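The values are calculated or read from the model by the stated rules, or taken from the named source; none is laboratory data. The structure displayed is predicted, hence computed values, not measured ones. Please note: Cβ atoms are built from the backbone with ideal geometry, for glycine as well, and neighbour counts cover all protein chains shown. These accessible areas exclude ligands, DNA and RNA; they are computed on the full protein's heavy atoms, side chains included. Shrake-Rupley method; radii C 1.70, N 1.55, O 1.52, S 1.80 Å.
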Amino acid sequence: MTLKERISDIFEKYSVELAVEEKEETQEVAFATAVLDSGQEIQTDADAFAVGVSAFVVNDEGEQIPLPDGDYKLQDGSMLVVAEGAVVEVNEATTEPEVEAEEEKEEEMKAETEEVQASSEVLTREAVEGMIAEAIEATKKEFSSQIEERDAKITELSKQATPSIPRAPKMEAPVSVDLKSLSIQERVAAIHNQFSK
């Protein structure tokens, strides 16, 4: 007889029923929560919102309703992108660099304003007249140099131009000669004289 059979016989003899008592273990699930920019609270069954975890809203009856697909801005400035009830992208808040950039722009604008104010205090009527006279003089020099360059180009191009072809001298109107009345030698001489001029 095996040990198991002996123990079973003893339990039967003394009417002992062996029952395993199952203890219900209640595990406390830590849900991470966050508040949307609109003020609504969302949850996840993980320790924190990260890529791959489910995101849901708990209604009044305690049911978990998955978040619809979309982009959600949290009150801390970070963004969650949800697709099919799960987080697919988490973008941390970037408010500090934006604030710094705005502060830098404001400082630059203040510096420019101060420079303009400082330069406007120094300007007098004489200073403005002097600046205008300098601008006119510079413009005259520029135009005169452009005119000189143009004239030089015209002269150069005129030297490169081909000389014109001399015109052929005008021929005098031929004298009409009655060739029938002339001899052969006189005819040849008349024709020669007519075209040799």
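Estimated at the nearest 10 Å², the accessible area of M109 is 130 Å² with a 1.4 Å probe. Relative protection proxy for 52-58, 5-11, from highest mean packing down: 52-58, 5-11 (other beta-carbon atoms within 10 angstrom). Gain on full extension, evaluated as 0.36 nm per residue between M131 and K153 minus their Cα-Cα distance, stands at 4.6 nm. Taking 0.36 nm per residue of separation and subtracting the current Cα-Cα distance, fully stretching the chain between A50 and D37 would add 2.9 nm.
Spacing of the modelled spin labels on A83 and S144, each 7 Å from Cα toward Cβ, amounts to 7.3 nm. Net charge of the neighbourhood of V81, taken over other residues with C-beta under 10 Å away and scored Lys/Arg +1, Asp/Glu -1, is -3. Note on exposure: F195, F49 ranked by accessible area (1.4 Å probe, complete protein assembly) read F195, F49, with the most exposed listed first.
For K140, the solvent-accessible surface computed with a 1.4 Å probe is close to 120 Å², ligands and nucleic acids excluded.
Per-residue SASA remark: E126, around 130 Å² accessible (1.4 Å probe; ligands, DNA and RNA not included).
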